[in-house]
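> Below is a structure I'd like to ask you about.
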Amino acid sequence: MAHVWLIGMMGSGKSTVGRLVAEHVGRPFYDTDATVEATAGMTIMKIFERFGEDGFRERERTAVAEIAEDAAGVVATGGGVILDPVNVESMRNAGTVVLLSVEPDVLIARIADDEDRPLLLDGIERAIRSLDRARSDLYRASSDAVVDASHSIEIVTEEVEAICNAL
Ligand code: S3P
């Protein structure tokens, strides 16, 4: 099995589902946001504050390239990972890309109280709708499989696990 990369909007469940799937299939779990934070020694919020979005994207690209070289596992990515074609190429070369697809209304309800995401600081509802409009085609074009992630974590985990087991 090569890597299974989970992509999708903030709040689509990539980290929760990824961790569970990795545990069930007995593979390592990776998280690009966590890797960026550990390497930089600061939170993503602080990285955006100090280095701007470009500074974050540069660190994210390095994290993706490093994880691509690691032992095959399940990878949760940050929602904007697909914005850089270099990341999409790295991910596809090193495995299968699975989109966790969730309607904006469901995402907005899920992350209503979230304060850790810099791109949502100006208002969650407007930001999610505009990110969804800007990215939905890119998410689909970057993925090898799509899972409807508006269902419960258990169902989504089972579906992603089935994809892993079929590889
Ligand atoms: C981002 C999503 C975040 C994080 C950063 C930017 C995005 O990750 O990488 O705040 O551009 O959608 P999650 O999708 O895990 O929240």
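> S130: hydroxyl-bearing (S, T, Y), open to solvent by 30 Å² or more (accessible area, probe 1.4 Å) and within 21 Å of V21 (Cα to Cα), yes or no?
On the way: hydroxyl-bearing (S, T, Y): yes; open to solvent by 30 Å² or more (accessible area, probe 1.4 Å): yes; within 21 Å of V21 (Cα to Cα): no.
No: the conditions fail for S130.
> Being under 12 Å from Y139 (Cα atoms), in a helix (DSSP H, G or I) and under 14 Å from the mean Cα position of the chain (by Cα) is the filter here, so list the residues in segment 78-94 that pass it.
Of everything in segment 78-94, those that are under 12 Å from Y139 (Cα atoms), in a helix (DSSP H, G or I) and under 14 Å from the mean Cα position of the chain (by Cα) turn out to be V81, I82, L83, V88.
> From (1) in a loop (DSSP other than H, G, I, E, B); (2) of a type outside the set (S, T, N, Q); (3) within 11 Å of the chain's Cα centre (by Cα), pick out the condition that doesn't hold for V75.
Among (1) in a loop (DSSP other than H, G, I, E, B); (2) of a type outside the set (S, T, N, Q); (3) within 11 Å of the chain's Cα centre (by Cα), the lone unmet condition for V75 is (1).
> Continuing with this model, one more query. Could you look through segment 20-38, keep only residues that are surrounded by fewer than 16 Cβ atoms within 10 Å (Cβ to Cβ) and under 18 Å from the mean Cα position of the chain (by Cα), and pick out the one that is nearest to G8 (Cα to Cα)?
Across segment 20-38, the extreme among qualifying residues is A34.
> Identify, by number, the condition in (1) within 12 Å of the ligand (Cβ to nearest atom); (2) part of a strand (DSSP E or B) that Y30 doesn't meet.
It is condition (1) that Y30 fails.
> If you don't mind, another one. Could you look through segment 133-142, keep only residues that are touching a residue at least 24 places away in the same chain (Cβ under 8 Å) and within 15 Å of the ligand (Cβ to nearest atom), and pick out the one that is most open to solvent (accessible area, probe 1.4 Å)?
L138
> Is it true that some residue in segment 61-72 is under 20 Å from D114 (Cα atoms), within 14 Å of the ligand (Cβ to nearest atom), in contact (Cβ under 8 Å) with a residue 12 or more places away in the chain and among the basic types (K, R)?
no
> Another one. Which members of segment 101-127 meet the condition of being surrounded by 15 or more Cβ atoms within 10 Å (Cβ to Cβ) and either part of a loop (DSSP other than H, G, I, E, B) or in contact with a strand residue (DSSP E or B) (Cβ under 8 Å, 6 or more places away or on another chain) (or both)?
Across segment 101-127, the qualifying residues are S101, V102, I111, R117.
> Looking for something buried (at least 19 other Cβ atoms within 10 Å of the Cβ), within 17 Å of R19 (Cβ to Cβ) and without any contact (Cβ under 8 Å) to a residue 60 or more places away in the chain - is there at least one such residue anywhere in segment 149-158?
no
> Here is a follow-up. Answer with yes or no whether R57 is open to solvent by less than 80 Å² (accessible area, probe 1.4 Å) and of a type outside the set (G, A, S).
Numbers: open to solvent by less than 80 Å² (accessible area, probe 1.4 Å): yes; of a type outside the set (G, A, S): yes.
The answer is yes for R57.
> Moving on to the next point. Considering only residues that are more than 10 Å from the ligand (Cβ to nearest atom) and open to solvent by 20 Å² or more (accessible area, probe 1.4 Å), which ones fall in segment 1-15?
Correct list: M1, A2.
> Here's a follow-up. Could you check how many residues of segment 73-89 are touching a Lys or Arg at 6+ places or on another chain (Cβ under 8 Å), without any contact (Cβ under 8 Å) to a residue 40 or more places away in the chain and away from the ligand (no atom under 14 Å from the Cβ)?
1
The values are calculated or read from the model by the stated rules, or taken from the named source; none is laboratory data. Computed from a predicted model, the values in this text were never measured in an experiment. Neighbour counts are summed over all protein chains in view; Cβ atoms, including those assigned to glycine, are modelled from backbone coordinates with ideal geometry. SASA here: full protein model, heavy atoms, side chains in, ligands and nucleic acids out. Shrake-Rupley method; radii C 1.70, N 1.55, O 1.52, S 1.80 Å.
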